[in-house]
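Okay, structure first, notes after.
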Amino acid sequence: MSKSDQLAKILKTLSTTTPDVEGAAIIDNDGLMIASALSADLDEDSVAAMSAALLGLGERIVSELKRGAFEMVMIRGSVGFTILVRAGDGAVLAALTTKQAKLGLIFLDVSRAATEVGRQLG
């Protein structure tokens, strides 16, 4: 199985087996989409650019405010959450959830998926 297929499988598994995860994407540090399991109505280029920028800003805030090691950025909107986590040194994993999402389970599954993505990207 190719690396691209393996990454797509990780995203599909996260999106289909974790309750309330509506989509996910892997984005490189430069804001380019690596793999996606997002709905067709989202502009993947915009999602990728914004996700990489926000993750970078989150990491800087944690560092500047001496809050320890960066773990995640979470944004809550009126219809759901956007969760961004580091996936290895070169990528970001973004997950979109419903408003009713059980965040403890989501955090666990997203963190596990990000670890696996990091391994695949080496």
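None of the figures in this text is laboratory data; all of them are computed from the coordinates on show. In this text the structure is predicted, and so the values were computed from the model without any measurement. Cβ sites come from the backbone with ideal geometry, for glycine too, and all protein chains shown count toward neighbours.
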- Using a cut-off of 16 Å between alpha-carbon atoms, which aspartates and glutamates can reach residue 9, once sequence neighbours fewer than 8 places away in the same chain are excluded? 22, 109, 116
- Along the charge dipole of segment 3-121, which of 38, 49, 94 sits closest to the positive end, that is, farthest toward it, with unit charges on the beta carbon of Lys, Arg, Asp and Glu (+1, +1, -1, -1)? 94
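Only loop residues by DSSP count here, and only those with at most 12 other Cβ atoms within 10 Å; note down the trypsin sites (Lys or Arg not before Pro) in segment 1-99 that meet that. Before the final figure, lay out each step's value.
Details: sites: 3, 9, 12, 60, 66, 67, 76, 86, 99; in loops: 66, 67, 99.
Loop-located and lightly packed - 66, 67, 99.
Give, rounded to the nearest 20 debye, the magnitude of the charge dipole that the chain has about its Cα centre when Lys and Arg contribute +1 at Cβ and Asp and Glu contribute -1 at Cβ.
Working: 12 positive and 15 negative charges, 99 e Å.
About 480 debye.
Determine the shape class of the chain: with a ≥ b ≥ c the square roots of the Cα gyration tensor eigenvalues, call it rounded for a/c under 1.5, and otherwise prolate if a/b is greater than b/c, oblate otherwise. Please report the intermediate quantities before stating the final value.
Values: a/c = 1.37, a/b = 1.12, b/c = 1.23.
Note, shape of the chain comes out rounded.
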- What is the chain's relative contact order, in percent, from Cα pairs under 8 angstrom and six or more apart in sequence? 28
- Message: Students often forget the sequence filter, so: which lysines lie under 26 Å Cα-Cα from residue 12 once same-chain residues fewer than 8 apart are removed?
- Response: 3, 99, 102
- Message: I want the local charge near residue 6. Using Cβ-Cβ distances under 14 Å, sum +1 for each Lys or Arg and -1 for each Asp or Glu among the other residues.
- Response: +2
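Just to confirm a number: summing +1 for Lys and Arg and -1 for Asp and Glu over residues other than residue 82 whose beta-carbon lies under 14 angstrom from that of residue 82, what do you get? It would help to have the intermediate numbers written out before the result.
On the way: positive: 76, 99; negative: 20, 22.
Counting the neighbours of residue 82, the net charge comes to 0.
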